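Asker: First, the structure itself, so that you have it in front of you.
The values are calculated or read from the model by the stated rules, or taken from the named source; none is laboratory data. Just so we're clear, the structure is a prediction, and the values are computed from it rather than from any experiment. Backbone-built Cβ (ideal geometry, glycine too); neighbour counts: all protein chains shown.
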Amino acid sequence: MTTRGEFSSRIGFILAASGSAVGLGNIWGFPTQVASNGGAAFVLVYLVLAFLLAYPVLMAELLIGRATKSNVVDALGQVSRGISGRLVGGWGIVTVSLILAFYSIVGGWMLAYTIEAVVNLAGLEQLSQWLTAFSLERNLLFCALFMLLTVGIVSGGVVNGIERWSVRLMPTLFIIMLILFGYVMTQDGAVDGLKVYLLPDFTQVLNPDLLISAMGQAFFSMSLGVGTMLIYGSYVSHSENLPRLGAAVSLVDIGVAVLAGLLIIPAMYVALNNGVQIFAENGRLLSEDTLIFTVLPSLFATMGVVGGIVAFAFFLLMSIAALTSSISMLEVPVSYVVEKHNVVRQKAVWLIAAVILSLSCLIIINFDSLFGFVIALTTRYSQPLLGLMLCVFAGWIWRRNDILQELKKGDAHAEQRFFWRIWPWYVKFVCPLIIVLMFYRSL
């Protein structure tokens, strides 16, 4: 029997779990959602919904994980006391593996652009063009390189791999963001972007599309539903106060998203000031891949040598954000194979990474037909439904007394706390209703 790992410190868990939550969705998805949905009105709604929806579902995952101390299939099997939980756990493993398959491709692009910034500063123009050109060879090479970095960290285990690197990578991410924000704010045009970001248009607050977008962003940015938080919860000591830990993870995740907006929206208006097009023909701000791979590189190009340094820092930031999420995704199937089939961790990591990399290669080779399809299938359809199932297990199937006993391990007075008075009925009735509405609207 393999011994399970456990986070050695509270800060180690908070940084690892928030690292899982902080991904490309926060840094490339959130700012453009803000810009397209009434600026600060969206930020306000997002902050409210992150705590009204994402935090209760996060707590369901952490509680199930810590109570069962198992991989996602066995954990949900124990809670449901039957086959339904195991099937949902298996579905979660398939979903997270597919997400990692496309995520590795995007992570590879971030690495390519990071290296390109250095190559560009060295004046190697031909190599620079190859690194930023969308080619089969580049995509395959850098996807494999990104997967290799992920494997290197996960094969170290919970303490020597995941925790050790999260404690290094997350503070680095914050420092780079703050330095870049400080620099961008010294540029002409930045204040206009700051106004768009911070001044709310309150007429937009009750706009159904804004509410749906904010809900989706809150849910997906915390990487809920696919078992990553459940697995991290299973590595937490029973003596920890879980509601507090969950709140800390939520706050770090929201903080990074808000900080990313503070950096990227002003940067877009600096680009506009420097003659770069930032609006699409319909008047909306350019978003997602166009923003990251067209608008911002065009901005960096207008800044001379300093632009090269800023480009390197920015794409390094994106690479770190991608990596802290990918390690948690790989851990989900790895923990299952290690515990269920008694496979040595290193072997399990390499085996699963090889399977997922094969899927990535398949997507790259059939990019036009598969890339968008896999993203929609996993994040728009599978993830909300998995989140809904977690609420059903935590709210309807898991014995209420068992949940209270689990909370009491970390806080003897748990039943007197505000959390216990609200959470059980909230995760039973409110969260499923909101998720169903969100899912229906997204169709």
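Asker: Taking the range 122-165 as the region of interest, how many residues are touching a residue at least 24 places away in the same chain (Cβ under 8 Å), part of a helix (DSSP H, G or I), in contact with a Phe, Trp or Tyr (Cβ under 9 Å, 6 or more places away or on another chain) and not aliphatic (A, V, I, L, M)?
Answerer: Selection size over the range 122-165: 7.
Asker: Which of (1) at pLDDT 85 or above; (2) crowded, with 23+ Cβ neighbours inside 10 Å is the odd one out, the single condition I27 does not satisfy?
Answerer: All conditions pass for I27, except number (1).
Asker: Looking for whichever is farther than 16 Å from G152 by Cα, at pLDDT 95 or above and buried (at least 22 other Cβ atoms within 10 Å of the Cβ) here; the options are S360, S335. Which one fits?
Answerer: The unique qualifying residue is S360.
Asker: Output the residues belonging to the range 237-262 that are aliphatic (A, V, I, L, M), over 17 Å from I175 (Cβ atoms) and touching a Leu at 6+ places or on another chain (Cβ under 8 Å).
Answerer: Listed by number, the residues that qualify are L242, L245, V249, I254.
Asker: Right, something else. Got a sec? Which of V236, V276, V226, V249 is more than 30 Å from V96 (Cβ to Cβ), touching a residue at least 12 places away in the same chain (Cβ under 8 Å), in contact with a helix residue (DSSP H, G or I) (Cβ under 8 Å, 6 or more places away or on another chain) and β-branched (V, I, T)?
Answerer: Result: V276 is the single residue among V236, V276, V226, V249 that is more than 30 Å from V96 (Cβ to Cβ), touching a residue at least 12 places away in the same chain (Cβ under 8 Å), in contact with a helix residue (DSSP H, G or I) (Cβ under 8 Å, 6 or more places away or on another chain) and β-branched (V, I, T).
Asker: Taking the range 153-201, which residues are more than 18 Å from the chain's Cα centre (by Cα) and under 27 Å from W350 (Cβ atoms)?
Answerer: Across the range 153-201, the qualifying residues are S155, G156, G157, V158, V159, N160, G161, R164.
Asker: To continue, here is another question. Under 30 Å from L437 (Cα atoms), polar (S, T, N, Q) and either loosely packed, with under 15 Cβ neighbours inside 10 Å or more than 26 Å from the chain's Cα centre (by Cα) (or both): which single residue out of S325, S369, S382 fits that description?
Answerer: S369
Asker: Go through the range 184-199 residue by residue and tally those that are modelled with pLDDT under 90 and not in a helix (DSSP H, G or I).
Answerer: Looking only at that region, the number is 1.
Asker: Restricting attention to helices (runs of 4 or more DSSP H) lying wholly within the range 336-443, give those where 1 or more residues are of a type in the set (S, T, Y) and free of Cβ contacts under 8 Å to residues at least 12 places away in the same chain.
Answerer: In the range 336-443, 345-365, 367-375, 431-442 are the helices (runs of 4 or more DSSP H) which contain 1 or more residues that are of a type in the set (S, T, Y) and free of Cβ contacts under 8 Å to residues at least 12 places away in the same chain.
Asker: Just to check your reading of the model, which residue among Q383, Q416 is closer than 23 Å to W91 by Cα, out of contact with any Leu (no Cβ under 7 Å at 6 or more places or on another chain) and of a type in the set (S, T, N, Q)?
Answerer: Q383
Asker: Only one of (1) closer than 24 Å to G157 by Cβ; (2) of a type outside the set (S, T, Y); (3) in contact (Cβ under 8 Å) with a residue 60 or more places away in the chain is not met by P56, so which one is it?
Answerer: (1)
Asker: Quick one: count up the residues across the range 117-141 that are in contact with a Ser or Thr (Cβ under 7 Å, 6 or more places away or on another chain) and of a type in the set (D, E, K, R).
Answerer: 0
Asker: Pull out all pairs, ordered by first then second residue, where Cβ-Cβ is under 6 Å, the residues are six or more apart or on different chains, the first lies in the range 167-184 and is in contact (Cβ under 8 Å) with a residue 12 or more places away in the chain, and the second is among the polar types (S, T, N, Q) and in a helix (DSSP H, G or I).
Answerer: L169/T324
Asker: Among the candidates V310, V306, V332, single out the residue that is farther than 20 Å from F181 by Cβ and β-branched (V, I, T).
Answerer: Criteria check complete, one pass: V332.
Asker: While we're looking at this one, here's another question. Can you give me the ranges of the helices (runs of 4 or more DSSP H) entirely in the range 207-317 with at least 1 residues that are more than 22 Å from the chain's Cα centre (by Cα) and surrounded by fewer than 20 Cβ atoms within 10 Å (Cβ to Cβ)?
Answerer: Ranges flagged: 208-221, 242-273, 296-301.
Asker: Then there is this: Run V96 past the list (1) surrounded by fewer than 23 Cβ atoms within 10 Å (Cβ to Cβ); (2) in contact with a Pro (Cβ under 8 Å, 6 or more places away or on another chain) and report the number of the one that doesn't hold.
Answerer: It is condition (1) that V96 fails.
Asker: Let me ask something else. What residue, of G77, G65, G85, G107, is over 21 Å from the mean Cα position of the chain (by Cα), of a type outside the set (A, V, I, L, M), under 20 Å from S223 (Cα atoms) and in a helix (DSSP H, G or I)?
Answerer: Testing whether each residue is over 21 Å from the mean Cα position of the chain (by Cα), of a type outside the set (A, V, I, L, M), under 20 Å from S223 (Cα atoms) and in a helix (DSSP H, G or I) leaves just G85.
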